[in-house]
1. Work out from phi, with θ = phi - 60° and the Karplus expression 6.51 cos²θ - 1.76 cosθ + 1.60, the ³J(HN,Hα) of each residue of region 86-92, listed in order in whole Hz, and give x for Gly and Pro.
2. For a quick check: with amide H placed at 1.01 Å from N, whose amide H comes under 5 Å from Thr61's, ignoring anything fewer than 5 positions away on the same chain?
3. Within the set of other residues whose C-beta is less than 12 Å from the C-beta of Val48, count the net charge using Lys and Arg as +1 and Asp and Glu as -1.
4. Take the residue pairs Lys56/Lys120; Lys60/Lys120; Lys69/Lys111 and return only those whose Cα atoms are more than 18 Å apart.
5. For region 3-124, evaluate the Debye formula with one uniform point scatterer on each Cα (no solvent term) and list log10 I(q)/I(0) at q = 0.09, 0.16 Å⁻¹, rounded to two decimals.
6. For region 29-75, what ratio Rg/Rh do Cα atoms give with a Kirkwood hydrodynamic radius?
7. Which order do peptides 86-97, 104-115 fall in by mean Cβ count within 10 Å, highest first?
8. Can you work out the Karplus-derived ³J(HN,Hα) for every residue in region 94-106? Use 6.51 cos²θ - 1.76 cosθ + 1.60 with θ = phi - 60°, whole Hz, and x for glycine or proline.
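Please treat every number below as a calculation from the coordinates, not as lab data. All figures in this text were calculated on a predicted structure; none of them were measured in a lab. Here the Cβ positions follow ideal geometry from the backbone for every residue, glycine too, while neighbour counts run over all protein chains shown.
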Amino acid sequence: MNKRALKMTEKKTEMKNKEVGMGIKAPSKKCEDSKCPFHGSVKLRGRVFVGMLMSKDTHKTATVVWGRKEYVPKYERYLKKRSKLRVHNPSCINAKEGDFVKIVECKPLSKTKKFVIVEKLGEDFLFEQKEEAMESGRVMKDKKEDKEPEEDEQESKSSEEIKETKEEVKTEEKKVKEDARTTSGTSSVGKKKEEKADKTNKTEEEPE
């Protein structure tokens with residue numbers, strides 16, 4: 001073999017056993033991906049994030065999502081936000097949906113990819129259940145939107161019925177008050193007559 005061929009094989013072996021740094025261990029699997037930070041020519045620099053892998057494509061791309069909090073000084077509260085990035089998923093790591101993943105910035109690999117998955121931190125066993133819950137929530141929202149016009153009609157009918165019952169109650173209260181006034185008037189007249197009769201009896205009983 002020529003010296004050049006030997007040098008090329010040595011370079012390839014070096015690329016396969018490359019160390020990334022940042023305390024990140026190389027995966028046990030090996031790959032021939034040129035965009036892999038462990039077995040390719042990609043160098044890492046810049047920002048580091050930890051998130052959950054939401055979806056995966058056939059072209060070794062994936063979307064990673066993580067939550068963050070932003071302080072709003074006007075209200076003196078924290079606002080929950082969510083960040084999403086398109087990431088390169090090397091075949092030696094091959095992260096799946098629901099995995100917690102560490103990503104590091106690198107040179108632009110395509111129009112949307114500027115980060116690489118470097119390490120799998122763990123698996124979210126409740127990922128499928130969360131997705132089902134999200135889908136059921138969307139279905140419930142759609143059903144509520146369909147039911148809204150029917151509910152509005154029912155509310156209008158119920159409001160009209162309530163108004164009618166209120167008017168009936170008011171009329172009954174007026175009748176009761178009028179009856180009470182008439183009874184109170186007759187009772188007062190009877191009391192006055194009784195008082196006059198008592199006075200006359202007392203004057204007759206007094207000795208002359």
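1. These are the phi-based 3J(HN,Hα) values: 8, 9, 7, 10, x, 5, 6 Hz.
2. Asn89
3. Net of charged neighbours comes to +1.
4. Correct reply: Lys69/Lys111.
5. At q = 0.09, 0.16 Å⁻¹ the computed log10 ratios are -0.30, -0.78.
6. Here Rg/Rh amounts to 1.15.
7. Ranked by mean Cβ neighbours within 10 Å, highest first: 86-97, 104-115.
8. For region 94-106, the Karplus curve yields 6, 5, 10, 5, x, 7, 7, 9, 9, 10, 10, 6, 8 Hz.
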